[in-house]
Amino acid sequence: MTGTTDFGFEKIAEEDKARRVAGVFESVAARYDLMNDLMSAGLHRLWKRFTVEQSGLRPGQRVLDVAGGTADLAIQFARRVGASGEVVLTDINPAMLALGRDRMLDAGIMAPAVQCDAEHLPFADAHFDCVSVAFGLRNMTHKDRALAEMHRVLKPGGRLLVLEFSRVWQPLQPLYDAYSLKVLPLIGKLVAKDSDSYRYLAESIRVHPDQEQLKSLLEQAGLERVEYFNLSAGVVALHRGYRF
Ligand code: SAM
């Protein structure tokens, strides 16, 4: 018998989480980019740009974008590593991955798009200079397994970048709670005709590890020199750790 895990504020059987998360992203895929811009007032673009800047990537290097969805990060990474480098976009969800692949092609980027679960990455050990996961980790059933897999595929000296919602600066918490638990589902209902999925997204942020807890998870997965950067008063944090 398997244990339980969180699905937003709900407790569900571990084996049901991947299917429930798939339902959310199946439902939001078509409006995903528009909703990201609306919900974050465009801030997600700045958070992602900061992430790419912290990657330290150079032309010719190899990058794996896990749970890459509509390929915002993969497109920027591809411009950094150039034609001699390699970017691989992955996602568990075919609808999100198809959008990502199309967006890369529209941007003139030929890169593999691989459908896979972050908990079982189909790549060789020590293959990538950089692995990234943006707004994906909190949807994974076993975050420890996913982080161990990301560590495994990193080359010695390579870095993992985890961009994720985190714990906002305490004085802003009431305002942020009102926005994310009331306003977000309403925008989801009006624009994407799906308040439940956006309620899940807001709730899943609440039950996700905070900055220090996530730092510990990265260290337990074997990453070293782990540090984090709070963005927008901790609404989001970028964690960076190295494999040595
Ligand atoms: N990285 C993109 C971005 O920042 O815009 C997409 C983020 S979206 C909020 C989360 C993505 O995680 C979805 O595309 C979903 O399909 C993917 N995902 C959820 N669980 C996953 C898993 N176990 N393995 C791989 N991808 C997963």
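The values are calculated or read from the model by the stated rules, or taken from the named source; none is laboratory data. Only a predicted model underlies this, so the values are computations on that prediction, with no experimental measurement involved. Quick reminder, even Gly has a Cβ in these numbers, built from the backbone with ideal geometry, and neighbours come from all protein chains shown. What goes into the accessible areas is simple: the full protein's heavy atoms, side chains included, and nothing from ligands, DNA or RNA. Shrake-Rupley method; radii C 1.70, N 1.55, O 1.52, S 1.80 Å.
Of the numbered criteria (1) within 16 Å of the ligand (Cβ to nearest atom); (2) modelled with pLDDT of 95 or more; (3) not in a strand (DSSP E or B), the one S180 fails is (2).
Of the set (1) more than 13 Å from the ligand (Cβ to nearest atom); (2) exposed (fewer than 15 other Cβ atoms within 10 Å of the Cβ); (3) of a type outside the set (G, A, S), all apply to H127 but (2). Across the range 147-186, the number of residues qualifying as under 17 Å from L217 (Cα atoms) and either open to solvent by 10 Å² or more (accessible area, probe 1.4 Å) or of a type in the set (S, T, Y) (or both) comes to 8. Need the failing condition index for K189 against (1) open to solvent by 20 Å² or more (accessible area, probe 1.4 Å); (2) modelled with pLDDT of 90 or more, just the number. If we test K189 against (1) open to solvent by 20 Å² or more (accessible area, probe 1.4 Å); (2) modelled with pLDDT of 90 or more, just (2) comes out false. Just so you know, in the range 2-30 the residues that are among the β-branched types (V, I, T) and open to solvent by 30 Å² or more (accessible area, probe 1.4 Å) include one that is farthest from E203 (Cα to Cα), and it is T2. Just one of (1) of a type in the set (A, V, I, L, M); (2) modelled with pLDDT under 90; (3) over 17 Å from the mean Cα position of the chain (by Cα) fails for V207. It is (3). For the range 192-209, a residue qualifies if it is surrounded by 13 or more Cβ atoms within 10 Å (Cβ to Cβ) and outside any helix (DSSP H, G or I), and the qualifying residues are A192, D194, V207, H208, P209. Within the range 218-227, the set of residues being surrounded by fewer than 20 Cβ atoms within 10 Å (Cβ to Cβ) and not β-branched (V, I, T) comprises E219, Q220, G222, E224, R225, E227.
Within the range 37-60, the residues that satisfy the criterion of being within 21 Å of V207 (Cβ to Cβ) and modelled with pLDDT under 95 are M39, S40.
When the range 192-244 is filtered for residues that are closer than 21 Å to L154 by Cβ, touching a Phe, Trp or Tyr at 6+ places or on another chain (Cβ under 7 Å) and of a type in the set (G, A, S), only A237 remains. In the range 98-111, the residue that is farthest from A146 (Cα to Cα) out of those that are within 15 Å of the ligand (Cβ to nearest atom) and either assigned to a loop (DSSP other than H, G, I, E, B) or open to solvent by less than 40 Å² (accessible area, probe 1.4 Å) (or both) is A107.
Please enumerate the residues belonging to the range 31-56 that are touching a helix residue (DSSP H, G or I) at 6+ places or on another chain (Cβ under 8 Å) and surrounded by fewer than 15 Cβ atoms within 10 Å (Cβ to Cβ). Within the range 31-56, L34, D37, R45, R49 meet the criteria. Considering T90, T141, the condition of being in contact (Cβ under 8 Å) with a residue 24 or more places away in the chain and over 23 Å from Q54 (Cα atoms) is satisfied by T141 alone.
In this structure, H120 qualifies as surrounded by fewer than 18 Cβ atoms within 10 Å (Cβ to Cβ), within 18 Å of the chain's Cα centre (by Cα) and at pLDDT 95 or above. When only residues in the range 68-87 that are surrounded by fewer than 24 Cβ atoms within 10 Å (Cβ to Cβ) and assigned to a loop (DSSP other than H, G, I, E, B) count, which is nearest to the ligand (Cβ to nearest atom)? So the residue we want is T70.
For the range 7-54, filtered to residues that are in contact with an Asp or Glu (Cβ under 7 Å, 6 or more places away or on another chain) and part of a helix (DSSP H, G or I), the residue that is farthest from the ligand (Cβ to nearest atom) is S27.
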